[in-house]
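The values are calculated or read from the model by the stated rules, or taken from the named source; none is laboratory data. The structure displayed is predicted, hence computed values, not measured ones. Please note: Cβ atoms are built from the backbone with ideal geometry, for glycine as well, and neighbour counts cover all protein chains shown.
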């Protein structure tokens, strides 16, 4: 027995209606599926990351407050613990070092951290992946972070050297570990992770103290705050307590670098889940509305018959709503599967730069429930509007043939703007103007897909502007040197003598708290040499800004946070050294996209910090042929803290963006194409259904197939062309929105939508429209000329 | 005019427009096969007005569709003048319809989004030396309805627009399938007058399908159809004027 026979006849009709309209059903299901897939992927990834992180933080006691200082005796730890609201305090020694890896000419950078005595109870406890913790009796044993170990092929027993406190130490790897503090491992001043060039490693506290000269003292502390206690209060008290020990200002998780990178990723996933799916769902509701309206139009007689048999309005309405729900269910299944697959893929991507002990993609049941609820609700709302018409039909009216379609010359035509058209031209124009709502919905649908595509592809433009601004203007140096201590300006002579140095500029970086009225922000001020060639700032109009003798240049985003304008006076609390306090005028607002930055004349900065003519680093322009000689020399240069290479930073940044963005961009290009395909396929299909009679008549009159196809396609093509300017406008607005949503304090995406992006997006969307038109136009082949002439339209 | 072999010209010197030999048409296969035409031989001469009479399902519409290149026979041949239509490609058949054939249907088949004039222009845009649309519409008595849309015209007026559309390209052949089927008697007569007028003035070979035996009086020949075959052929010694008909 055919299982279909078990169905109610109306459900059988539903199944057959769906099969007959399978192209449209599939197109709409794909649009719904795209919405669901985005939701499942973004929310699934978000929840997976979030839950994994929270569990990791909880299990390994990730601290709430962090502080670095110059040096404090161990006894200060007890006073930190006495601060109200503090649950646990761990102190340690933390120093950046230069690493010398065998076979690598350029110097690498590392962060050497002392291990807690009892990892099981310590804050920020390590997860030992393999090996063991160092033996306190041996002075050369280290545990290295997995990211650095993998990138440099370090295994248990491998060795490398580090310049620590001016002495080269040979170190042996005894363990490989992960840390909740370093889920996202990024070197100071770096834009993106570079696991090969920067690594974290841990040593026994006594051993590290011995090497660094920190016996009985510490220079870094982490605090765990009691649930319910105010983190801000604790920070304020820590700052007061540690001020005399050269602390640079305590901060919470929000400014902890690994944590804030994760937060910005969460923000982007949230943005994705909130911007994209609504667009798709609105489009799918509209598509269902048009398909079901057309079904009701063609099934008038059947509807009348059903009502005459005694089916209620609700029965008839429910029958059509079931059509929408069935399409939504297909969309849901497609979306769930695709979303799970995309989510799995994106999690693989995350594993490359978020270092969790385990990270599995999982989708919580409530994400399924929510996406199902949304898809079903939106689909049935589209159907409900259409169904009202079926409900209103009385049986007698429904069974009579519909009134002949009445047309008139549109306003546009009568205005004479169109000039003289051919008869087929009038057919196209009048069909569009006779169904203004549907035509405009098609325009809006295609415009939305175009807008979505533009706003996706503009990320490339944005990044180009960002890279241009950062690497080729703000940071033009080839190499950045950082000294481990402040050095008098006389260090310049030493720097100039380094091999291959073509140009050098000294710089000073000072941690400060800037306050303007009720708002404040912890930032660093970069002190540059007047007339600096290696670091240039520009204003919002792109004009180069000359560094004024005094006063601050601050970035637009920082100005926004502080609500500061040119001419405003800011309170500056220096968070290091003498901890001077002063007021400085905002000289200019500049456009820069990485971090929250302030710039100042180095002499002026030295004056406010009260340290005299000093520098903590240098920007170098070098002769590339002498790079190796320079590296060899600086590896042994006393007092050098780190060296970073601009070219390497650029390559890494580009690679990360390309990897991440290409994945996302293809994803979105696919989505935008799905909308364009869905909307235009549906529009063409409905036009064909409405005009099959007319088109067959034209064929009978002697029109060739392609001439008839031109009329069919012409209408959708015209609507698609009309949607281009709207789509560009939507793209502009959506780009602005995306830029705002995807910008964080770590990165701000500049707005730099290029003309070519409009062009490329338009080509992709029009190509999608063309494909769907071609599929429908193919059906012209099958027009039954004879049958159509025997039936009334 | 009969079902047997005829000379190429009639006694009035008229050439054969359509030569039909052994025409069959079967829809479907096996048990469900429907034999619409079961071997039809016919010669239709130029300039004649022929009426095809017969009950529903007798095969007359199938013949008309095949004559108009809307459908292909299962076997047999059709020549239009010297050209064998049964050997032509799809594209060539379209060109044949475009150049030589005018159609008129029971349900008018006007394009509702086009005015009367534009409906006619739809056809005149396709051919080389058409009648101007206005002239074609004046010919059927609609000179004052040029800019009306189909929904603004009565049934008879709509059918006359269809006639104007069919004749505006000055076709050699006019094929009419129940042209008065949807019209009342008085309106139908006006449409038939227009058809007879065109047959007279333009010399268009005109084939009219109808159920309506009273229309047969205006034809040169009347071909009776039954069960897919030509049952008989009558020739009217004197043709009646369309205005004399009623039903």
- Query: Here are B:198, B:215: which of them is touching a strand residue (DSSP E or B) at 6+ places or on another chain (Cβ under 9 Å), over 19 Å from residue B:157 (Cα atoms) and surrounded by 18 or more Cβ atoms within 10 Å (Cβ to Cβ)?
  - Reply: B:215
- Would a scan of the stretch B:218-231 turn up a residue that is touching a strand residue (DSSP E or B) at 6+ places or on another chain (Cβ under 9 Å), closer than 20 Å to residue B:42 by Cβ and assigned to a helix (DSSP H, G or I)? yes
- Query: Could you list, in sequence order, the residues of the stretch B:155-173 that are in a helix (DSSP H, G or I) and either under 15 Å from the mean Cα position of the chain (by Cα) or away from chain A (no Cβ under 12 Å) (or both)?
  - Reply: B:156, B:157, B:159, B:160, B:161, B:162, B:163, B:164, B:165, B:166, B:167
- Item | Close pairs from the stretch B:98-111: first at the interface with another protein chain (Cβ under 7 Å from one of its Cβ atoms), partner surrounded by 24 or more Cβ atoms within 10 Å (Cβ to Cβ) and in a loop (DSSP other than H, G, I, E, B), Cβ under 6 Å, at least 6 apart | B:98/A:702
- With respect to residue A:634, determine if the residue is closer than 20 Å to residue A:466 by Cβ, away from chain B (no Cβ under 14 Å) and either in contact (Cβ under 8 Å) with a residue 60 or more places away in the chain or crowded, with 21+ Cβ neighbours inside 10 Å (or both). no
- Checked A:54, A:117 against criteria (loosely packed, with under 14 Cβ neighbours inside 10 Å and under 30 Å from the mean Cα position of the chain (by Cα)); the one match is A:54
- Message: For the stretch B:73-97, which positions are within 10 Å of chain A (Cβ to nearest Cβ) and more than 20 Å from residue B:36 (Cβ to Cβ)?
- Response: B:90, B:91, B:94, B:95, B:96, B:97
- Query: Which of (1) surrounded by 21 or more Cβ atoms within 10 Å (Cβ to Cβ); (2) within 11 Å of chain A (Cβ to nearest Cβ) is the odd one out, the single condition residue B:116 does not satisfy?
  - Reply: (2)
- Task: Only residues that are at pLDDT below 85 and under 15 Å from residue B:226 (Cβ atoms): list them for the stretch B:1-44, please.
- Result: B:3
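A quick yes/no check of all residues on (1) surrounded by fewer than 20 Cβ atoms within 10 Å (Cβ to Cβ); (2) over 32 Å from the mean Cα position of the chain (by Cα); (3) in contact (Cβ under 8 Å) with a residue 40 or more places away in the chain; (4) assigned to a loop (DSSP other than H, G, I, E, B):
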position	(1), (2), (3), (4)
A:577	yes, yes, yes, yes
A:585	yes, yes, no, no
A:598	no, no, yes, no
A:603	yes, yes, yes, no
A:606	no, yes, yes, no
A:615	no, yes, yes, no
A:619	no, no, yes, no
A:628	yes, yes, yes, no
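Every residue in the stretch A:660-705 that is assigned to a helix (DSSP H, G or I), within 14 Å of chain B (Cβ to nearest Cβ) and out of contact with any strand residue (DSSP E or B) (no Cβ under 8 Å at 6 or more places or on another chain), please.
First, pick out the residues of the stretch A:660-705 that are assigned to a helix (DSSP H, G or I): A:660-701, A:705.
Filter once more, keeping what is within 14 Å of chain B (Cβ to nearest Cβ): A:687, A:690-701, A:705.
Residues satisfying the conditions are A:687, A:690, A:691, A:692, A:693, A:694, A:695, A:696, A:697, A:698, A:699, A:705.
Kindly indicate which of A:720, A:777 is within 22 Å of residue A:436 (Cβ to Cβ) and either in contact (Cβ under 8 Å) with a residue 60 or more places away in the chain or in contact with a strand residue (DSSP E or B) (Cβ under 9 Å, 6 or more places away or on another chain) (or both). It would help to see each step written out before you state the result.
Working: A:777 fails: within 22 Å of residue A:436 (Cβ to Cβ).
So the residue among A:720, A:777 that is within 22 Å of residue A:436 (Cβ to Cβ) and either in contact (Cβ under 8 Å) with a residue 60 or more places away in the chain or in contact with a strand residue (DSSP E or B) (Cβ under 9 Å, 6 or more places away or on another chain) (or both) is A:720.
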- Message: So, residue A:384, is that one touching a helix residue (DSSP H, G or I) at 6+ places or on another chain (Cβ under 9 Å), within 14 Å of chain B (Cβ to nearest Cβ) and surrounded by 11 or more Cβ atoms within 10 Å (Cβ to Cβ) or not?
- Response: no
- Could you tell me which residue of the stretch B:123-154 is nearest to residue B:195 (Cα to Cα), considering only residues that are under 19 Å from the mean Cα position of the chain (by Cα) and buried (at least 24 other Cβ atoms within 10 Å of the Cβ)? B:140
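Given A:681, A:668, which one is in contact with a helix residue (DSSP H, G or I) (Cβ under 6 Å, 6 or more places away or on another chain) and within 30 Å of residue A:190 (Cα to Cα)? Give the steps one after another, and end with the answer.
Values: A:681 fails: within 30 Å of residue A:190 (Cα to Cα).
None of the other options fit; the residue is A:668.
Conditions tested, residue by residue: (1) under 38 Å from the mean Cα position of the chain (by Cα); (2) surrounded by fewer than 19 Cβ atoms within 10 Å (Cβ to Cβ); (3) more than 14 Å from chain B (Cβ to nearest Cβ).
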site: A:735; (1), (2), (3): yes, no, yes
site: A:757; (1), (2), (3): yes, no, yes
site: A:760; (1), (2), (3): yes, yes, yes
site: A:768; (1), (2), (3): yes, no, yes
site: A:771; (1), (2), (3): yes, yes, yes
site: A:776; (1), (2), (3): yes, no, yes
site: A:779; (1), (2), (3): no, yes, yes
site: A:787; (1), (2), (3): no, yes, no
- Item | Condition check for residue A:469: assigned to a strand (DSSP E or B) and either modelled with pLDDT under 85 or within 27 Å of the chain's Cα centre (by Cα) (or both) | no
- Item | Complete set of residues in the stretch B:119-152 that are outside any loop (DSSP other than H, G, I, E, B), closer than 18 Å to residue B:171 by Cα and at the interface with chain A (Cβ under 7 Å from one of its Cβ atoms) | B:121, B:122, B:123
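Based on this model, can you work out whether residue A:124 counts as within 28 Å of residue A:250 (Cβ to Cβ), outside any helix (DSSP H, G or I) and in contact with a helix residue (DSSP H, G or I) (Cβ under 9 Å, 6 or more places away or on another chain)?
Numbers: within 28 Å of residue A:250 (Cβ to Cβ): yes; outside any helix (DSSP H, G or I): yes; in contact with a helix residue (DSSP H, G or I) (Cβ under 9 Å, 6 or more places away or on another chain): yes.
Criteria met by residue A:124.
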- Conditions (1) out of contact with any strand residue (DSSP E or B) (no Cβ under 9 Å at 6 or more places or on another chain); (2) crowded, with 21+ Cβ neighbours inside 10 Å; (3) assigned to a helix (DSSP H, G or I); number of the one not met by residue B:183: (3)
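Among A:497, A:503, A:508, which is the only one that is in contact with a strand residue (DSSP E or B) (Cβ under 9 Å, 6 or more places away or on another chain) and either surrounded by 22 or more Cβ atoms within 10 Å (Cβ to Cβ) or without any contact (Cβ under 8 Å) to a residue 24 or more places away in the chain (or both)? Working first, answer last.
Details: A:497 fails: in contact with a strand residue (DSSP E or B) (Cβ under 9 Å, 6 or more places away or on another chain); A:503 fails: either surrounded by 22 or more Cβ atoms within 10 Å (Cβ to Cβ) or without any contact (Cβ under 8 Å) to a residue 24 or more places away in the chain (or both).
Of A:497, A:503, A:508, the one residue that is in contact with a strand residue (DSSP E or B) (Cβ under 9 Å, 6 or more places away or on another chain) and either surrounded by 22 or more Cβ atoms within 10 Å (Cβ to Cβ) or without any contact (Cβ under 8 Å) to a residue 24 or more places away in the chain (or both) is A:508.
Quick check on this structure: which one of A:429, A:443 is assigned by TED's automatic domain parsing to the domain that holds residue A:681 and in contact with a helix residue (DSSP H, G or I) (Cβ under 9 Å, 6 or more places away or on another chain)?
Numbers: A:429 fails: assigned by TED's automatic domain parsing to the domain that holds residue A:681.
None of the other options fit; the residue is A:443.
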- Is it fair to say residue A:708 is in contact (Cβ under 8 Å) with a residue 60 or more places away in the chain, in contact with a strand residue (DSSP E or B) (Cβ under 9 Å, 6 or more places away or on another chain) and under 30 Å from residue B:170 (Cβ atoms)? no
